[in-house]
Ligand code: PA5
């Protein structure tokens with residue numbers, strides 16, 4: 001199970017000006033937290049509440065269909081190309097980067113045991129897109145286009161380009177190289193998929209993009225590259241059970257939610273750094289940044305700014321600011337109990353200033369770096385929480401992501417905001433539609449042009 005250490009946000013360690021009296025606050029908020037947790041669990045099955053992501057660990061049907069399709073296409077493709085952006089890409093990136101062997105796409109077919117390479121095209125940069133599409137043999141590529149709305153301009157323009165290239169190469173058989181993940185009923189992609197006869201999977205109702213990693217949005221790419229999705233589902237179920245506990249003293253998501261809320265509202269810590277000490281968890285920070293930013297940035301005044309960092313790399317880039325710059329941040333470390341490999345540093349250059357490293361392991365070094373950075377931060381009265389996972393595997397990773405989702409939902413409830421909408425994202429999307437001449441957005445286009453002419 002995941003552990004949370006919040007000793008280093010306590011006022012006994014970092015002083016009352018920057019820290020909290022944890023015991024006292026947990027007692028103070030005991031009933032509020034219990035009510036929030038019961039309320040989330042009561043509302044999760046109701047339509048329109050956007051809480052269906054809390055049921056994804058129990059969706060046996062999706063798991064079955066995903067596995068069936070993955071086994072059907074196994075051995076047919078050398079590459080999986082995921083087209084999507086934001087919530088339709090970040091969960092997939094975070095999980096595949098963490099769970100596939102490092103540098104997966106550079107391994108030989110034999111080293112990958114015949115499983116495909118995987119690429120996420122999550123931007124519309126013309127140079128990187130051209131580079132990737134020139135490099136891939138599209139006839140041996142399965143394209144998974146993922147968009148809940150079915151109309152996001154970035155994803156749909158990628159799709160239109162790739163579809164054309166596939167059709168030119170494969171004729172009408174191109175459709176067997178496409179699988180679409182989108183809304184069950186609505187949206188342009190759903191319409192096209194039905195007309196053209198693509199295999200489709202569903203982004204369930206009431207699951208927002210940033211909460212969709214354990215729907216077919218993530219599970220399909222995971223199964224296609226051979227990840228053990230049952231292990232992930234077990235992790236979610238066990239975590240879900242633990243987080244149903246309404247006692248804050250037993251519920252780590254509630255504890256971390258309350259700490260972040262109080263440090264922001266009482267102590268001015270309005271920035272939140274996510275810093276895993278594991279390169280494999282690098283994209284968990286990207287995923288978390290979206291989850292936290294889109295969920296909590298609301299109402300013109302709520303929104304602790306999330307920042308991504310990587311230990312130990314960013315000790316040499318960001319830590320100066322965190323130690324000595326404005327004391328307005330809470331730093332979240334993620335630590336790994338046991339790495340898959342132990343890497344010894346050879347005993348060479350013994351009589352030089354680096355001789356002390358010889359005979360130690362890199363494992364010990366990365367942990368020592370995390371310990372020393374935490375001590376340095378707390379010396380400077382900066383609050384630090386540490387989340388520890390036993391190992392980077394499907395079970396622990398699914399627990400971590402689900403725990404952070406529940407933490408976000410509880411934090412949003414503490415701020416009393418709508419955690420599950422994203423009007424700011426929609427507004428920018430609508431302006432893009434208007435600028436690019438989409439029918440129905442003519443008025444917006446005029447308004448936009450007037451605004452642009454003003455500056
Ligand atoms: O979380 C969100 O709602 C957004 O970031 C979306 O995931 C993103 O805009 C992509 O949307 P869609 O899946 O509709 O293409």
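What follows draws every value from the coordinates through simple rules; no lab data is involved. No experiment lies behind these values; they were computed from the predicted model shown. Neighbour counts run over all protein chains shown; Cβ positions are idealised from the backbone, glycine included.
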request  = In whole angstrom, note down how far apart the Cα centers of segment 297-334 and segment 439-455 are.
outcome  = 36
task = Could you let me know the centre-to-centre spacing of segment 35-69 and segment 1-34, using Cα atoms, in angstrom?
result = 30
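Calculate, for residue 344 and residue 24, the FRET efficiency according to 1/(1 + (r/R0)^6) with r their C-beta to C-beta distance and R0 41 Å; round to the nearest 0.05.
On the way: r = 46 Å, r/R0 = 1.13.
According to the calculation, E is roughly 0.35.
Can you tell me which of 163-171, 270-278, 85-93 comes out highest on packing, and rank the rest after it, using the mean Cβ neighbours within 10 Å? Could the numbers behind the result be given before it?
Numbers: 163-171: 14.4, 270-278: 21.8, 85-93: 25.7.
Descending packing order for the listed peptides: 85-93, 270-278, 163-171.
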remark   = Placing each pseudo-label 7 Å from Cα in the direction of the beta carbon, residue 390 and residue 153 end up separated by a distance in nanometres of 4.8
request  = Compute the relative contact order of the chain as a whole-number percentage, counting only Cα pairs closer than 8 Å that sit 6 or more residues apart in sequence.
outcome  = 22
message = Per DSSP helix of 4 or more residues, -39500 (n - 2.57); summed, then divided by the residues of the chain. What does that give at 222 nm, rounded to the nearest 500?
response = -14500 deg cm²/dmol
On Cα atoms only, tilt of 60-73 relative to the major axis of the chain in degrees = 60
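Roughly how compact is segment 84-213, stated as its Cα Rg over 2.2 N^0.38 Å to two decimals? Please list the in-between numbers first.
Numbers: Rg = 14.9 Å, N = 130, 2.2 N^0.38 = 14.0 Å.
After normalising by residue count via 2.2 N^0.38 Å, the value is 1.06.
In whole percent, what relative contact order does segment 52-227 give with Cα contacts below 8 Å and a gap of six or more residues?
On the way: 267 pairs, mean separation 59.5, N = 176.
Relative CO of segment 52-227 lands at 34 percent.
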ask   = When the Cα atoms of the chain are enclosed in a convex hull and the volume is divided per residue, what value in Å³ results?
value = 176
message = Translational diffusion coefficient of segment 337-401 at 25 °C, 0.890 mPa s, Stokes-Einstein with Kirkwood Rh over Cα pairs, in µm²/s as a whole number.
response = 172
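Tell me, in nm to one decimal, what length is gained between residue 380 and residue 270 on full extension, where the rule is 0.36 nm per residue of separation less the Cα-Cα distance?
Numbers: separation 110, 0.36 × 110 = 39.60 nm, distance 1.72 nm.
Going from the current span to full extension adds 37.9 nm.
So between residue 135 and residue 451, what do we pick up on full extension, going 0.36 nm a residue minus the alpha carbon distance?
Details: separation 316, 0.36 × 316 = 113.76 nm, distance 4.09 nm.
Full extension of this stretch gives 109.7 nm more.
Would you please put 196-204, 149-157 in order of how densely packed they are, using the mean number of other Cβ atoms within 10 angstrom per residue and starting with the highest?
Output ranking for 196-204, 149-157: 149-157, 196-204.
For residue 321 and residue 244, calculate 0.36 nm times their separation in residues minus their Cα-Cα distance, and state this gained length in nm to one decimal. Please report the intermediate quantities before stating the final value.
Details: separation 77, 0.36 × 77 = 27.72 nm, distance 3.74 nm.
That works out to 24.0 nm of additional length.
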Least to most buried among 269, 67 (fewest other Cβ within 10 Å first) = 67, 269
query = What angle do you read, to the nearest 10 degrees and between 0 and 90, between the alpha-carbon axis of helix 282-296 and the longest principal axis of the chain?
reply = 90
ask   = Roughly how tilted is helix 153-170, in degrees to the nearest 10 and between 0 and 90, from the longest Cα axis of the chain?
value = 50
query = How far is the Cα center of segment 149-216 from the Cα center of segment 217-272, in Å?
reply = 29
